[in-house]
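Written out below as structure tokens is the structure these notes cover.
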Amino acid sequence: MKTTTKFSTLHEATNQFLYSSLSKSLSSASTTNQLHRIHSIIITLGLEKSSFFSGKLISKYAQFKDPNSSFSVFHQVSPTANVYQWNSIIRALTHNGLFTKALGFYGKMRKLDVLPDKCTFPSVINSCAALVDIEMGQVVHENVLKMGLGSDLYIGNALVDMYARFGCMDEALKMFDGMPERDVVSWNSLISGYSANGYWVEALEFYNMSRMEGIMPDSFTVSSVLPACGGLVNVKEGELLHCLVEKIGLHGDVVVSNGLLSMYFKFNRLVEARRIFDEMEVRDTVSWNTLICGYSQMELFKESIELFMLMVNRFKPDLLTITSVLRACGHLRDLEFGKFVHKYVKKGGFQSDVTADNILIDMYAKCGDLLASREVFDRMMCKDSISWNSMINCYIQHLNYDEVLKLAMIMKVDMKVDSVTCVMLLSVSTQLADKELGKEIHCDIIKLGFGSDVIVNNSMVDMYAKCGLINDSLKVFENMKTHDRVTWNTIIAACVQSGDFTLGLRMINQMRTEGVMPDVATVLGILPMCSFFASKLQGKEIHGCIFRFGFERDVPTGNALIEMYSKCGSLKNSIQVFDRMNVRDVVTWTAMISAYGMYGEGGKALRAFEDMKATGVVPDHVAFVAIIYACSHSGLVEEGLACFDQMQKDYNLEPRIEHYACVVDLLSRSGLITKAEDFVNSMPLKPDASIWGSLLSACRSSGNILVAERVAERILEQKSNDTGYYVLASNVYAILGKWDQVRMIRKSIKARGLKKDPGCSWIEIKRRLYVFGTGDKFFEQFEEVNKLLGIISGLMAKEGYVADLRYVLHDVEEDEKRDMLCGHSERLAIAFGLLNTEPGTPLQIMKNLRVCGDCHTVTKYLSMIMQREILVRDANRFHLFKDGTCSCGDHW
């Protein structure tokens, strides 16, 4: 009996030693061969069905990424009612990413009535989360509650994480709040959930709450909070977190360092980001990717390419890095390096990726190699809508519209057309001003179901406007269910482009009524309307809005304000805007020079021109047009010619036709008709109607009829589409009394479908605009105006006024000619203004055409007789009439 007991004790001790040795060997096995040898010993000893060793083997094979061997071990013990073995296989499958199979085993386990325990559920819940299987996740959660395991810490953590990964943050928070016990993992699960789902404010709030609860953050906490700091650009929180990382020694963790790197790039803090990278003891592919992409996003393209070259010597970049570098090549137009990266991708055996190919198409197009773009496109096995749109965009950039339309036809067949394609195709019809193509695209848009897309509709509004179909543009606008700010800006710009400023102002008021806030583009659309109508009050209101919305520092806005005030008769306000601008570009200076020119302030325009050059701003073609124009309207002939000579001599700018036209105007306006004609004949460019028109206008004003007749013939030879030049020639023949020639020109205008712009003038009184046409008899107070004009005629006659009948260009009797002169639109506007404003107050009149010589004389008399300052803006410039004189000095 004693012998038997001793033997039994020895056997138990031997088994215990054997179990302990095998268990240690299993745990320490570091290679598959070692594991196989231990597995063989277990089988030899007949222990393969032991729940302990089978479970250990299943888990160990899973660690070596060998789930098939884990399956094999489990099948050898199946069927089994041992929960440990089921837990082991479910955990093994989850560990190897076989989540569907893991859930399958959980289902089999339940069917066999094997009761799960608290170790089963974390793995099952993780599988549900990984598969984003919300329905199964809810079922498992119910199972947990039925078994009374809802208070288990590990299961609770897994459930919080699962709901967070589902994006169900309300459920995650509810689960978190219901946990009786929480650890750092609980907090991490909730914080990372908020951060991953873009709820950065909440992520930071719960991080701060965890700190108040005394939870010491770990690397997982920090790597979840850093993206929240970056996303919110919360520099203060980010810097505090960085200090904590240094304090608790997490800076050596590569994931944390990568997070810090990314955060500082989002703060645009390049120096700190680079310092973190340089101090990293360990760097992985993510570290290099973050640095290279960060440099590229900050438009430091050259530096990002240099970093890429450093990276390839240490790590193999992934496609994210490569696409970032290809974008940089495109921005730098570096075709050679772009080709190098492309070859690297081919040699590196990178898996073909649609996104990378799309970026290659774009890169080659930006570098000017359209054939290479097409080659990449043609060899793509799988093309998405971005691929097609990228290729279409390439052809648009290279103005190859035929290929654009061919690709669009193929796209329609393959049903790859999206809203972006529609917008690009509309831009083609806009560029070509092809209304038929635009209408065809409009039909396709309706058929493809993009008729309610706001961006597409905005493009259609713009397309129809630029094709000259403002009514179609308005129809699209009116049929739109929603209007965004771009819609309003586009329709306002369309009104400006079509010249319908009244409609444009209505649109602005409607925009205000609908509560849409203007932006810089809106302001730049509105100000030209104020300029046209010379609506100074509305212009000042808009200026006030510019201050309220903080647009006053925007240079284009300042430039538009200078132009608006100058055209509204307030040179003083233009100068004030100019003086307040901290930054001035060539457009700013040109606007100011042009403003001085409009008011006959040629000397001030020349000083501004010299100041511009002194500040280092280089004048362009438009600036030279403005300064020569200013000299012309102030009789500064030598100075104007000197500016013209500077173009080629000092700035290597080839004079264009408009510069030659300004010089002709400069000479002829000062009475140097012969010199002007010689200049025209010596021009290296063929003179066009604008050149001959400048000369003819001066000939008519100076009374040089011989040259005028010769130039009129030249104008008629040009066959211009501008009616103004024909009218000018007709007027010359009318002065000469050649009425047959006048009738012939008028017939020619009619036959060619051209229309003469009727003369009109307008005046703004108490925020209301009053418009008068030449010979107009149908306006408020016509009888009173007519009576006043009669009285004024008598008063002027006493002062020595004699009507200049040369400015009546009709074959009628002299009395009728006098009546016609009295019916000129500016006289009607002035008389109306005299009747409806306080005596002694200044008047401001706007006219769409050039003031005639007789009206110019009459307005001088009126300013003296009525003791009024009268500011008149005609098609050329401003005239300030005061005490019987005009600011133009008869230079207009």
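Report note on the peptides 500-507, 404-411, 418-425: ranked by the mean count of other C-beta atoms within 10 Å, highest first, their order is 418-425, 500-507, 404-411.
Taking a point 7 Å out from the Cα of V586 in the direction of its Cβ, the residues of the stretch 544-579 whose backbone N falls within less than 20 Å of it are 555-563. The label-point distance for M147 and N652, in a model that sets each label 7 Å from Cα toward Cβ, rounds to 8.2 nm. Applying 0.36 nm per residue to the separation of K247 and E780 and subtracting their alpha-carbon distance, the gain on full extension is 183.6 nm. Against the criterion of solvent-accessible heavy-atom surface with a 1.4 angstrom probe, M147, M212 sort, most first, into M212, M147. Taking label points 7 Å from Cα along the Cα-to-Cβ direction, M381 and E135 give a separation of 3.3 nm. Normalised by the number of residues in the stretch 523-634, the mean separation of alpha-carbon contacts (under 8 Å, six or more apart) gives a relative contact order of 22 percent.
In the chain, the DSSP-assigned H stretches of four residues or longer account for a calculated mean residue ellipticity at 222 nm of -22000 deg cm²/dmol, using -39500 (n - 2.57) per stretch and the full residue count as denominator.
Counting protein heavy atoms only, the chain has 54 percent of its accessible area on carbon and sulfur, 1.4 angstrom probe. The peptide list 292-303, 771-782, put in order of mean Cβ contacts within 10 Å with the highest first, becomes 292-303, 771-782. When Rg and Dmax of the Cα atoms in Å is computed from the coordinates, the matching label among (1) 38.0, 138; (2) 31.4, 109; (3) 41.6, 158 is (3).
The modelled label-to-label distance for the pair E717/E239, using points 7 Å beyond Cα in the direction of Cβ, is 7.6 nm. For R327, the solvent-accessible surface with a 1.4 Å probe is about 120 Å², rounded to the nearest 10. The listed residues R877, R752, R548, once ranked by accessible area (1.4 Å probe) with the largest placed first, stand as R548, R752, R877. Of the chymotrypsin sites (Phe, Trp or Tyr not before Pro) found in the stretch 325-429, those that fall in a DSSP loop while having at most 16 other beta-carbon atoms within 10 Å are F350. The listed residues H95, H39, once ranked by accessible area (1.4 Å probe) with the largest placed first, stand as H95, H39. Listed peptides 51-60, 758-767 appear in the order 51-60, 758-767 once ranked by packing, highest mean of other Cβ atoms within 10 Å at the front.
The values are calculated or read from the model by the stated rules, or taken from the named source; none is laboratory data. These numbers were taken from a predicted model, which means no experiment stands behind them. We place every Cβ from the backbone using ideal geometry, glycine too, and count neighbours over all the protein chains shown. Just the protein is used for accessible areas: all its heavy atoms, side chains included, with ligands, DNA and RNA removed. Shrake-Rupley method; radii C 1.70, N 1.55, O 1.52, S 1.80 Å.
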